Amino acid sequence: MRIAIVGCGYVGLVAAACFAELGHDVICVDNDREKIAALNNGILPIHEVFLPELVQRHRGRRLAFSDDLSSAVRDGQVVFIAVGTPQSENGEADLSYFEGAVREIAHSLQGDPKIIVEKSTVPVYTSEWIRLILAREGAEASSFEVASNPEFLREGTAVADFLYPDRIVIGADSERTCEVMRHLYEPLTSGTYPRAASALPGPASAVSPPRLIITSTKSAELIKHASNAFLAMKLSFVNSVANVCESVGADIEQVCEAVGADSRIGPRFMKPGIGYGGSCFPKDLLAFGALARAHGCELRLLDEVARINDEQRQVFLKKVRNALWTLKGKRLAALGLAFKGGTDDIRESPAVHIVNSLHREGATVVAYDPAAMDRARQALPPAISFAQAAYDAAQGADALLILTDWEEFAALDLDRLRRTLRHPIVIDGRNLYSPHLMLAKGFTYASIGRAQVSPISPPSALPARGALTPGPRPAANP
Ligand code: UGA
């Protein structure tokens with residue numbers, strides 16, 4: 001089929017490359033001419049595994065990039081809108097780019113009827129607004145249909161998420177639209193794509209073809225917000241339980257393993273840490289809450305989820321103070337700036353918030369991230385310095401802080417690290433190491449939801465500074 005995708009951001013680019021991979025002819029358009037010129041020279045604006053391979057495989061054959069929306073829409077049978085829907089002042093999604101795209105599309109509806117598909121994360125009623133705006137701009141009702149096809153891809157694994165999804169949701173209000181949308185995804189739902197010799201590898205968990213779930217457009221719009229809100233809630237729940245674990249001397253990893261073994265709960269998305277970040281959860285939670293309020297419903301649960309998430313950064317900062325007493329003049333190595341491993345995205349990154357706070361408290365921070373340093377340099381104060389490797393950051397530092405779950409941070413040479421640090425203190429916001437191992441290697445090691453371990457027992461009278469909840473101080477040494 002011939003597809004036009006409006007917006008060359010994370011979602012648009014990945015969808016474009018993946019639809020080309022599934023055998024469709026795709027034109028991906030953006031009004032940022034520099035971005036289009038770069039894409040036409042094979043330069044990608046984002047760091048995403050497998051995306052360079054797919055773009056190289058299909059560019060100039062089934063995949064094109066253009067700034068000419070009109071001709072892309074005229075040639076397309078299906079038009080996806082994948083432009084940004086950032087957060088506005090009042091928490092609602094700012095749909096002005098989206099509306100702008102709809103207006104432009106309205107003036108290019110020629111030839112056979114098109115299916116206009118919402119791919120960006122948008123609130124309920126967006127499909128109604130699309131219909132209304134198209135009509136106001138003079139588009140004939142017979143020249144288009146509207147569908148919702150929310151995207152569930154995660155940054156860092158976006159290509160695999162697209163090609164090996166758990167489910168595909170199509171919100172459509174007519175049988176013809178459903179048929180066309182079903183056809184688009186047929187290589188995935190029939191299982192033919194994974195069997196192709198050239199197919200990209202999928203995750204081990206992708207054992208059967210995805211479920212295709214057909215809903216009304218309103219339900220599809222709500223599914224995306226409800227899914228992200230539920231996942232964020234799961235994380236804030238786990239982080240809250242982690243704090244209780246610390247207070248009572250239990251171990252969050254053991255608790256999560258057993259809780260997650262209940263098939264009604266599931267083991268995934270249960271890793272405690274310094275809180276969620278990124279361009280989706282924080283924004284979508286606010287947007288979902290604002291939408292509910294606008295329709296007379298209060299989702300107070302989501303306010304609490306966001307509050308717990310913000311507080312989790314404070315929990316981590318208190319661990320740093322607990323380990324180091326005062327921060328002024330201390331040299332700290334910060335491993336990780338991206339909001340999670342596998343991406344260069346620092347939007348709403350808890351790591352960046354933490355580095356900023358430590359700097360404000362007078363610490364000297366030397367940061368390292370395998371992919372996000374260019375972006376972080378622009379967002380952080382000039383006093384933050386950047387190292388070229390984890391061990392360079394650690395050189396002479398009073399403590400090492402692990403802030404992002406990059407695989408390479410879970411595989412550090414611990415003997416070398418101990419020799420490199422001024423003091424062998426590691427504060428791990430992602431639980432990448434076992435406390436037993438760290439103790440055996442001679443580190444004072446604090447993590448999330450587990451007892452701190454240390455080869456040096458502090459005097460028993462020393463209180464835990466800023467413990468969030470009163471409770472027995474975790475054993476300094478097992
Ligand atoms: C999220 C959703 O997972 C996707 O399904 C959705 O399509 C996307 O938002 C979106 O709305 O576009 P993403 O933000 O890329 O994807 O990243 P996740 O892998 O979900 O991680 C979100 C945050 O939660 C990260 O800061 C991560 O470090 C944190 N996290 C995740 C944990 O702290 N623990 C976990 O077990 C999992």
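Spacing of the modelled spin labels on Ala379 and Lys318, each 7 Å from Cα toward Cβ, amounts to 2.5 nm. Under the combined filter of DSSP loop state and at most 11 neighbouring Cβ atoms within 10 Å, the stretch 276-375 retains these GluC sites (Glu not before Pro): Glu298.
Applying 0.36 nm per residue to the separation of Ser174 and Trp129 and subtracting their alpha-carbon distance, the gain on full extension is 14.5 nm.
Electrostatic tally near Pro210: other residues with Cβ closer than 14 Å to its Cβ, Lys and Arg +1, Asp and Glu -1, net -1.
Thr192 contributes about 70 Å² of solvent-accessible surface, heavy atoms of the protein only, 1.4 Å probe. Membrane-span-like helices in the chain (whole DSSP H runs, Cα extent of at least 18 Å along the helix axis, mean Kyte-Doolittle hydropathy of at least -1.0): 217-248, 281-294, 300-324. A crude spin-label estimate for the pair Arg422 and Ser66, with each label 7 Å from Cα along the Cβ direction, gives 6.0 nm. Once each of the trypsin sites (Lys or Arg not before Pro) sitting in a DSSP loop with at most 10 other beta-carbon atoms within 10 Å is removed, the chain keeps 62-263 as its longest stretch. Excluding ligands, DNA and RNA, the accessible surface per residue across the stretch 42-106 is 48 Å² with a 1.4 Å probe. A 1.4 Å probe run over the protein chains yields, for the stretch 309-446, 40 Å² of accessible area per residue, whole-number rounding. For Phe386, the residues 5 or more places off, or on other chains, whose built amide H falls under 5 Å of its own are Ala367. Remark: for residue pairs Lys234/Lys340; Lys234/Lys330; Lys271/Lys441; Lys318/Lys441, the C-alpha separation exceeds 28 Å in Lys234/Lys330. The ellipsoid that matches the Cα gyration tensor of the stretch 224-307 has semi-axes, each √(5λ) in whole angstrom, of 26, 13, 11, with the longest given first.
Expressed to the nearest 5 percent, the antiparallel share of DSSP beta bridges inside the chain is 10 percent.
Taking only the Cα atoms of the chain, the ratio Rg/Rh comes out at 1.01, with Rh defined as the Kirkwood radius.
When the alpha-carbon atoms of the stretch 1-129 are used, the pair Rg, Dmax equals 14.3, 44 angstrom. Helix-only arithmetic for the chain: the sum of -39500 (n - 2.57) across DSSP H runs with n ≥ 4, divided by the residue total, places the mean residue ellipticity at 222 nm at -12000 deg cm²/dmol.
Taking the Cβ of Phe50 as the center, what net charge do the other residues with Cβ under 11 Å away carry, scoring Lys and Arg +1 and Asp and Glu -1? In short, -3.
Of the solvent-accessible surface of the stretch 309-446, computed with a 1.4 Å probe and all protein chains present, 47% belongs to carbon and sulfur. Met233 sits with roughly 50 Å² accessible to a 1.4 Å probe, with DNA, RNA and ligands left out of the calculation. With 0.36 nm allotted per residue and the present C-alpha distance subtracted, the Glu186-Asp262 stretch has 24.1 nm of extension available.
The values are calculated or read from the model by the stated rules, or taken from the named source; none is laboratory data. Just so it is clear, the structure is predicted and the values come from calculations on it, not from any experiment. In this analysis, Cβ positions are derived from the backbone assuming ideal geometry, glycine residues included, and neighbour counts consider all displayed protein chains. To get the accessible areas, we keep the full protein, side chains included, count just its heavy atoms, and leave off ligands, DNA and RNA. Shrake-Rupley method; radii C 1.70, N 1.55, O 1.52, S 1.80 Å.
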